[in-house]
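Everything on this sheet refers to the single structure shown next.
The values are calculated or read from the model by the stated rules, or taken from the named source; none is laboratory data. Computed from a predicted model, the values in this text were never measured in an experiment. Positions of Cβ are backbone-derived with ideal geometry, glycine not excepted, and every protein chain shown enters the neighbour counts.
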Amino acid sequence: MNWLSRPVSDIQITHGSRLWLYIVSGLIMMFLVVPTLIVIPMSFSDSQYLEFPPRVWSVRWYDNYFGSPEWMTATWVSVRAALLTVVVTTPVATLAAYGLSVSNLKASRWIFILLITPMMVPVILIAIGIFFAYAKLNLNNSMFGLVLAHSVLALPMCLIVISAGLKSYDMNQELVARSLGASRVKAFLVITLPQIRFSVISGALLAFVVSFDEVIVALFITGGEISTITRSMFLALRDQIDPTIASISTVLIMVTTLALVLTQVFGQSDSP
Amino acid sequence: MIKALPIHIQQVVKTYGRIHALDHVDLEIKSGEFLTLLGPSGSGKTTLLMVLAGFTRPDSGSVRFGDREVIRTPPHKRDVGMVFQNYALFPHMTVAGNIGFPLRLRGVQKDDIHQRVEHALSTVQLDGLGDRRIDQLSGGQKQRVALARAIVFEPRILLMDEPLSALDKKLRDHMQIELRRLHEKLGITTVYVTHDQREALTMSDRVAVINHGRLIQCDSPRTIYDYPASPFVANFIGESTLIPVKRSNGNVVLDGQVLKVSGAVPDGRCSLMLRPERLTILPDRRNPDYNVFPGVVEEVVFQGESFVAYAVLESGTHVSMRGISQRETVASLPSRGKAVLLGLHWEETVLIPEANEDAPG
């Protein structure tokens, strides 16, 4: 039988009649991905300027990136900020998700919405707010301030992922563990946490990505020594168009994609 | 043999907003007794169990295990075994890991744990399944693992919250008998929650009927069934039709007929309890042991092991009568529209006081 006239599943629709859908979906996916991927060949160009397609291939811009103390400092700032954001956000989000899941407060729904507002408010507003707040608190241009701000931005995603993991977890297990002699903390650590660990890891990876990719807040509240890689790239783009940016972007895409792939891998194995 | 403890529950009150989940409950549970908390959903039976387990803190009242007041003791220090409705086994541990969990918490030596887990496994007839994963077990096996885990550390009190409700009927009937046997073997004080009246009657030493947060009656299954203390108990346990009776000159009268009654006649207004299986069809009025109610058959329904005849009495009251499907009774079945004499032996003629405790409080 021809593939086009074969039914899609148990229903009467054939692949042939779905063909337009496949094409549209394919185009949408290309539109989403191609602009991101186009920097990869551009980064291997020998030219002084950004060009596509490159006429001569070279890795000189990677040498330029890895050989530049400024770029390396900025990268190191980003990595440190992202890791510290993970360290701050993951326990907070886990505790919040747990608390909201076991609480029978009517207000818990509203608390949840309050905790995910950073995801819904335009980041520029958050950035302006944080900038003025930090000006008073003297936290601008500090790693502590940056991590705190990134944690605010990362909390919603992290909370949603861990809450979803807890939803399929049977809280009676913790009651049983406590009746069998485990204190509440012990019951959480020995019984609950191992079973939601993949959601927690996914949440942590997402927190890493949120911080690592963030540029707007960083533009407002950091500078000088504490400039993240994304912030430096943004400023570099304004001053000069240099293929170093393309090579850095390629590295960032690799890191982010890896984190997201890991999130998917871990997120799936939590379901019983 | 585990040394059992009695449980003393005194004046326990728990309110949620304006709802009385537990309304001044007093209950004495004897050492080694199998007591069932029976009631409809939302009656407060599970709340009472959670109070015993320590997960729900009552507003006031006292709960003592033996001489020890436990109202402020957290769950993990109560030494109470607990079995939940959905088993709540730990899926990230093996069967042996689950059963050994309470022992590891208590710092028992490794060899000792192994030995006691094996012993618990054989107590619930799961020998050799210690290495299985939880998702490899059937429903009945999971039930047994949950039970083994709750008794392996030799608690003096065992609490069970509808542990059999997830099983199919055949397995449930089997497990009821098995739980009963296990209870006799261990002699552990057991508090069992169910909404299934048949299960309560089958398994318990005593049944405590709870409704609207109040303890209505606590008696042996026979007493609960034969002499319900209120219309609620009469209707909740078994089927029954309640017909209000009048009094005249110290006698109890129904439709102009003086009733021969078993047991004491309660004060105040009361009703006659007619249970379908207690009624028989009489050939005539000659047997003096029976109260006789003439009526007309409306319908006869065959239900397999038994049949039910629906009849209307002269007063207009609808009653039903149940008989077993046996050759002789089936042959004597009345047909629709026929007049019959329904007889109730005087020893089974029981009056129920019309109490007001059924009103929601």
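Here are some notes:
- Within region B:288-334, the residues that satisfy the criterion of being assigned to a loop (DSSP other than H, G, I, E, B) and out of contact with any strand residue (DSSP E or B) (no Cβ under 7 Å at 6 or more places or on another chain) are B:288, B:303, B:304, B:315, B:316, B:326.
- A single entry from B:62, B:31 fulfils the requirement of being of a type in the set (Gly, Ala, Ser), in a loop (DSSP other than H, G, I, E, B) and assigned by TED's automatic domain parsing to the domain that holds residue B:159: B:31.
- Selection from region B:80-105 of residues that are more than 7 Å from chain A (Cβ to nearest Cβ), within 19 Å of residue B:193 (Cα to Cα) and surrounded by fewer than 20 Cβ atoms within 10 Å (Cβ to Cβ): B:85
- Restricting region B:65-79 to residues that are assigned to a loop (DSSP other than H, G, I, E, B) and under 16 Å from residue A:178 (Cβ atoms), the residue that is farthest from the other protein chains (Cβ to nearest Cβ): B:72
- Hits in region B:257-282 (condition: more than 25 Å from the chain's Cα centre (by Cα) and of a type outside the set (Gly, Ala, Ser)): B:257, B:258, B:259, B:260, B:261, B:265, B:267, B:269, B:280, B:281, B:282
- Residues of region B:284-312 satisfying the condition of being acidic (Asp, Glu) and in contact with a helix residue (DSSP H, G or I) (Cβ under 9 Å, 6 or more places away or on another chain): B:289
- So residue A:76, is it surrounded by fewer than 17 Cβ atoms within 10 Å (Cβ to Cβ), under 22 Å from the mean Cα position of the chain (by Cα) and among the aromatic types (Phe, Trp, Tyr): yes
- Verdict on residue A:241 being surrounded by fewer than 18 Cβ atoms within 10 Å (Cβ to Cβ), more than 14 Å from chain B (Cβ to nearest Cβ) and not in a helix (DSSP H, G or I): yes
- Residues considered: A:204, A:182, A:154. Of these, the only one that is surrounded by 21 or more Cβ atoms within 10 Å (Cβ to Cβ), at pLDDT 95 or above, small (Gly, Ala, Ser) and at negative phi is A:154.
- Among the residues listed as A:176, A:190, the single one being surrounded by 23 or more Cβ atoms within 10 Å (Cβ to Cβ), at the interface with chain B (Cβ under 10 Å from one of its Cβ atoms) and not small (Gly, Ala, Ser): A:176
- For region B:106-165, taking the residues that are within 14 Å of chain A (Cβ to nearest Cβ) and without any contact (Cβ under 8 Å) to a residue 24 or more places away in the chain, the one that is surrounded by the most Cβ atoms within 10 Å (Cβ to Cβ) is identified as B:113.
- Qualifying residue in region B:236-258 (condition: under 30 Å from residue B:11 (Cβ atoms), of a type outside the set (Lys, Arg) and not in a strand (DSSP E or B)): yes
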